[in-house]
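Down below is the structure, laid out as structure tokens.
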Amino acid sequence: MMAEKETIYTIDILIQKILDGEKQYDLSKIISAYEFAENAHRGQTRSSGAPYITHPLAVAFILLELGMDTDTICSAILHDVVEDTGATLEELKKRFGQDVAMLVDGVTKLGKIPLFTKEEQQAENVRKILLAMSQDIRVIIIKLCDRLHNMRTLSHRPPEKQLATALETMNIYAPIAHRLGIRAVKEELEDLAFRYLDPFAYDEIESLLEKRKEEREAFIESIKERIAVRLEGAGFSQNPQIDGRVKSIYGIYKKMYINKRDFDEIYDKYAVRIIVSTVIECYNALGIIHDMFRPIPNRFKDYISTPKPNMYQSLHTTVIGREGIPFEVQIRTWDMHFTAEYGIAAHWKYKEGVRGKDKLDSRLAWIRQIIEAQQETDDVEEIVRTIKSDLAPEDVFAFTPKGDMISLPMGSTVIDFAYAIHTQVGHKMVGAKVDGKLQSLDYKIHTGEIVEIITSKDPNHGPNRAWLEIAKTNEAKAKIRAWFKKECREENIVKGKQDLEREFRRNQIRIPEEDLEHFLADDMKRHHCETLDDYYAAIGYGGIVLSKIMQRLKDSYVKQYVEAPLSPTSTPQKRTTSADGIVVEGIDNCLIKFAQCCNPLPGDEIIGFITRGHGVSVHKKDCVNYLNAIKNGSEPERWINVYWASNQNKTYKATLDIVSYDRNGLLADVATVLSEMRIFIHESKSRELKNGNANIVLTISIGGIEQLNNIIARLKKINGVISVDRTGK
Ligand code: MN
């Protein structure tokens, strides 16, 4: 987003920028600030030889790009006059008001705090910065932009200055920009600092990026195109915006360094971003993306239901296209997008009203927490630790013995690691080795460690309730809780039996009841199941994955039963199939419509009504209109038998009514389940019921009643859900 480096800024460029934008500014106040600063700095030059006023103007320009307000822009223009010229704060206060004087004072004081010093001193100084931030956050935003422009023009400074400034930028300012969520500023600060700290690596990555630039751009273009075609007409309320980009140089470097991977092996150098209108549409888009491209396991992250500490929200997934090139897809709403790009500055850029104020407050809460924590303790080391861990990148990166990287939030344990690999790895975990050494389950993982999870062979082995206290990530906790929920063996047996029977039907496997145990004996042994119920239970909770065993069962079925003659299941009868998947007894090719009153779905028992001139309208057999018509005996001759034709690919709309205990992330959990099942959501409405419970009404596309029952069963398992019902219309 930032303009090219080393542009010479003038007041005209600034005014043009203001006039081009939609936001209202007090132009005369800004011009008068300019005249004051220009006069004060007259005769001063920068190291580059440019007039000094170009620097404050450049800082003001960056702040304009962030959408900051008039007083911030004026303060940016005036930010060096007290420090570097004869102007006083009193004068500023008289001419430009209390706010501008206070902001300039804050920036001036911040500039005097030496940052790159001994650790204790550094902590104390960072504390001063935070204190300034807590008084008015605009102070630090101005300071960040001041630093950004100084970094852009750093080449004119002496080499020893360059290194010190770059270090300070990397260690203090970039992490603060990250914490405040101002992505563009953070990335540019990092890239610029990195260029001075490790010029060799910077040049290498830059030239590697340059080398296949056309190839890469063509690749991103074709991916964007294909996604756009699929999303169009998929029922989104407005066409989603699709952007493609290459990650920042420092971002790539970190991945190369942390993963010890070659440039070519880095998965998510390319990122495609999809911006849609609603949260539900995010999950719909995710379902479509996973349908189009092969998702890389364990790379899906739901930062919508679990936002990052800096309020960042998006869905992230890494997928592989036909070309075999992996790329990351980020899906978010416009609101999330503004927060992701501008962070705390979005508060000024987009008048967000009451909600915006909440967001600002929760961002500032972080700063207040640190300051309060510091007031409670005199232990300097403790203070240093708090600040360091809070400013440090919030992720640790560890590896499986095969070298796959798993990234987890700071403080994650080996339990989190196990669940991040796979749910079943977590459930079956009995211990862990870190860098070859056995560690306890509450061991906290550090970046660069190789973690090997030791699992039990017993299919019924499960987690321990104490793990809920040890695990750090919500993902692991949710999976552990889900296990205990599923622990109910009886339920699992019923579900496993149903699932297996369904797969058998789908694969046309017909085994007489009395033969079943014998037929499954081999597979039961393979999965350490002693009884048929054990086997069903394992299928029910997911310990045995049907899609993995079906081919083997099919083969053995063909071997054992293929000669056995199958009895014909249906009596030949003249039926006509219409395009809607409905067979009307005795009538060829007639117009079919589904009654609006009861919306029948495949699998429902149905009956047809011969309308006057509009073909046959299909009702459910328990539809009140049908029942009333029969009771009243009106036109009984018009009711006619109809059937569902088999093998149809049509989808139907169904509406579900969900009642749940109200909690955060409920809608996201519902949407995740549906997205995993590749179910498209047409509409969703949520409201709070009088008793405090939440009510979500969803309209979805489904293939038939069997699928609908599966969906309802899955939704009912979501934490807090009380009931899921299909509604009449
Ligand atoms: Mn400055």
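Values quoted throughout were computed directly from the atomic coordinates according to the rules given, and no laboratory measurement underlies them. Everything quoted here is computed from the prediction, not taken from an experiment. Don't worry about glycine lacking a Cβ; one is built from the backbone with ideal geometry, like all the others, and counts go over all protein chains shown.
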Report summary line: Expressed in angstrom and ordered largest first, the alpha-carbon extents of the stretch 11-197 along the principal axes are 44, 35, 33
Requested in this report: Read phi for every residue in the stretch 629-639 and hand back ³J(HN,Hα) as whole Hz from Karplus 6.51 cos²θ - 1.76 cosθ + 1.60, θ = phi - 60°, with x for Gly and Pro.
Outcome: 4, 5, 4, 7, x, 8, 6, x, 5, 7, 7
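Greater than 27 Å separation of Cα atoms is the criterion. Which listed pairs, 224/301; 631/690; 433/497; 186/213; 269/437; 255/301, meet it? Don't skip to the answer; put the middle values down first.
On the way: 224/301 21 Å; 631/690 38 Å; 433/497 37 Å; 186/213 24 Å; 269/437 33 Å; 255/301 17 Å.
Check vs 27 Å cut-off fails for 631/690; 433/497; 269/437.
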Report task. Quick one: which residues, 5 or more positions from residue 682 or on another chain, have an amide H under 5 Å from its amide H? H modelled 1.01 Å from N in the peptide plane, none for Pro or chain starts. Result -> 699, 700, 701
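If contacts are Cα pairs under 8 angstrom and at least 6 residues apart, what is the relative contact order of the stretch 582-644 in percent? Can you show the working numbers first?
Values: 100 pairs, mean separation 26.0, N = 63.
In percent, rounded to a whole number, it is 41.
Please compute the volume of the convex hull spanned by the alpha-carbon atoms of the stretch 394-486 and report it per residue in Å³.
82
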Query raised in the report: What are the ³J(HN,Hα) values, in whole Hz, obtained from phi via the Karplus relation 6.51 cos²θ - 1.76 cosθ + 1.60 with θ = phi - 60°, for each residue of the stretch 241-246 in sequence order, with x given for Gly and Pro?
Result: 8, 10, 10, x, 7, 9
Query raised in the report: Which value, in nm² and rounded to one decimal, describes the direction-averaged projected area of the C-alpha convex hull of the stretch 652-727?
Result: 4.4
Query - P(r) histogram, all alpha-carbon pairs of the stretch 206-346 included - 10 Å bins from 0, percent - result: 11, 41, 36, 12, 0
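Less than 14 Å Cβ to Cβ from residue 658, Lys/Arg counted +1 and Asp/Glu -1: what total charge do the surrounding residues give? All intermediate terms of the calculation are to be shown ahead of the outcome.
Numbers: positive: 663, 685, 687, 714, 716, 717, 726; negative: 657, 662, 669, 683, 688, 725.
Around residue 658, the surrounding residues sum to +1.
Sort 319-332, 164-177 by packing, meaning the average of other beta carbons within 10 Å per residue, with the highest value first. Kindly include the intermediate steps, with their values, before the conclusion.
Values: 319-332: 17.9, 164-177: 21.1.
Top of the packing list down: 164-177, 319-332.
Sort 157-163, 242-248 by the packing proxy (mean of other Cβ within 10 Å over each peptide's residues), most packed first. If you can, show how the numbers build up before the last one.
Working: 157-163: 12.4, 242-248: 16.4.
Those peptides, ordered most packed to least, come out 242-248, 157-163.
I want the local charge near residue 42. Using Cβ-Cβ distances under 14 Å, sum +1 for each Lys or Arg and -1 for each Asp or Glu among the other residues.
On the way: positive: 46; negative: 35, 38, 80, 84.
In short, -3.
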Report task. Be a star and scan the stretch 686-705 for residues whose amide nitrogen sits under 19 Å from the point 7 Å along the Cα-to-Cβ vector of residue 651. Result -> 697-705
Query raised in the report: Going by average Cβ neighbours within 10 Å, how do the peptides 522-533, 462-473 rank, with the highest at the top?
Result: 462-473, 522-533
Report summary line: Counting sequence-distant residues (5 or more places) and residues on other chains, those with an amide H built under 5 Å from that of residue 450 are 399, 435
